[in-house]
Amino acid sequence: MRSLNEFNLRKDFGNKLPQALSTNTKLPQSLSSSARFLSSDPFERCGRQPGVKVKEEDESVEDFFHFAQHLQQQTGECLTACCGGSNPKSLSLSDPAKTHSRPSADRPYHCQDCGKYFRINDIKRHQRIHSGERPFPCFQCGKNFPTSGDLKRHERIHTGERPYHCLQCGKNFSDSGHLKQHERMHTGERPYQCPQCAKSFYRSGDLKRHLRIHSGERPYKCLQCGKTFSDSGHLRGHQRIHTGERPHRCTLCEKSFFRSGDLKRHHRTHTGERPYQCFQCGKSFSESGHLKEHRRIHTGEKPYHCNQCDKSFSRLERLKGHQSIHTGERPFHCTQCGKNFFRSGELKRHQRIHSGERA
């Protein structure tokens, strides 16, 4: 006798939900290769863009399920809700049973849009990726969500509830996934690996942004000046240059900033905090970027190459200063006497003439 759950699913999906396949069921030829489903675009198959957004730390990641499918193609890792959320373990594509592209005893129900197999309780939720259905509304702001779990997480924005607690540092989070991501900072675990350069990341969103370095993709465009960005947060920060908005204010000196990261770095000038330490020489830095640049002293790495000569540099600023020699550009301007300079360091030294300061 079929369960009530299965009866309700069949009522909702009609003929789209087939009978559970037994382990002896022979698959049609079109389903015989798991690679067929993993190599094709999921939205080409169903003909829709889901436009799903999920909150990931400070940034909403658009078309997350498109990225999840791409990441599965690259690493075998499934990030979608059918697996119960973000799965930090990379799975091998050589084992198709682990990627839901073949039926198994616990995943017998087949999605006709993308060819994957699911548990009876998961397929209805999965189908909403293809249909774009969002049946769970927030009664406070009117936003709609594809799953009750997504709604529940969203409602914590309104209530301020942060029920997930880090046992190591005491920080609280509104979402269990955010806590897991945070805990990796303590453990050092970086489960999201770039298939092109082997760099690894704490969060799937960080990997998504990093992949754009390789692809050159800059999907976020400023409507006022046409400048494009690889990251939506960078676009938001840039747009404040046009609006003059500086929403992030220092409570100690009233200075205000375009971006929250700028305020955070500024705060360290008051506290003297230098949380980024070089493990090779013990030197500490107030910014992660300064530590990264410093490490190149030890490694000898010079990742910034001049495309006009064979010189390389350990810092981007030094490359830009060097390139002005080729172009003749002197972008650093003294506001007191009008002189222009190739490098910011040269301008700083020059300004001491006006200030009377002696280095």
Quick check on segment 284-337: of everything there that is in contact with a Ser or Thr (Cβ under 7 Å, 6 or more places away or on another chain) and in a strand (DSSP E or B), which residue is farthest from H270 (Cα to Cα)?
H305
Within segment 333-359, track down each residue that is over 19 Å from K320 (Cβ atoms) and touching a residue at least 12 places away in the same chain (Cβ under 8 Å).
Q336, C337, Q351, H354
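Kindly indicate which of K320, K348 is at pLDDT below 90 and surrounded by 15 or more Cβ atoms within 10 Å (Cβ to Cβ). Please lay out each step first, then the result.
Working: K348 fails: surrounded by 15 or more Cβ atoms within 10 Å (Cβ to Cβ).
None of the other options fit; the residue is K320.
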Which of the following residues is surrounded by 14 or more Cβ atoms within 10 Å (Cβ to Cβ) and without any contact (Cβ under 8 Å) to a residue 24 or more places away in the chain: S215, S174, S148?
S174
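For segment 158-214, which positions are of a type in the set (S, T, Y) and over 30 Å from C141 (Cβ atoms)? Let's see the steps before the verdict.
Of the residues in segment 158-214, the ones of a type in the set (S, T, Y) are 159, 164, 174, 176, 187, 192, 200, 202, 204.
T187, Y192, S200, listed by residue number.
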For segment 338-359, name all the residues that are of a type in the set (G, A, S) and assigned to a loop (DSSP other than H, G, I, E, B).
G338, G356, A359
Within segment 192-208, the count of residues that are surrounded by 18 or more Cβ atoms within 10 Å (Cβ to Cβ) and out of contact with any Phe, Trp or Tyr (no Cβ under 8 Å at 6 or more places or on another chain) comes to 1
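Would you be able to say whether some residue in segment 231-250 is surrounded by 14 or more Cβ atoms within 10 Å (Cβ to Cβ), among the hydroxyl-bearing types (S, T, Y) and not in a helix (DSSP H, G or I)? Don't jump to the end; show me each part of the working.
First, pick out the residues of segment 231-250 that are surrounded by 14 or more Cβ atoms within 10 Å (Cβ to Cβ): 231-240, 246, 248, 250.
From what's left, among the hydroxyl-bearing types (S, T, Y): 232.
Filter once more, so that each one left must be not in a helix (DSSP H, G or I): none.
Within segment 231-250, not a single residue is surrounded by 14 or more Cβ atoms within 10 Å (Cβ to Cβ), among the hydroxyl-bearing types (S, T, Y) and not in a helix (DSSP H, G or I).
The values are calculated or read from the model by the stated rules, or taken from the named source; none is laboratory data. The model shown is predicted, which means the values in this text are computed figures rather than measured ones. Note that each Cβ is placed from the backbone with ideal geometry, even for glycine, and that neighbours are counted across all protein chains shown.
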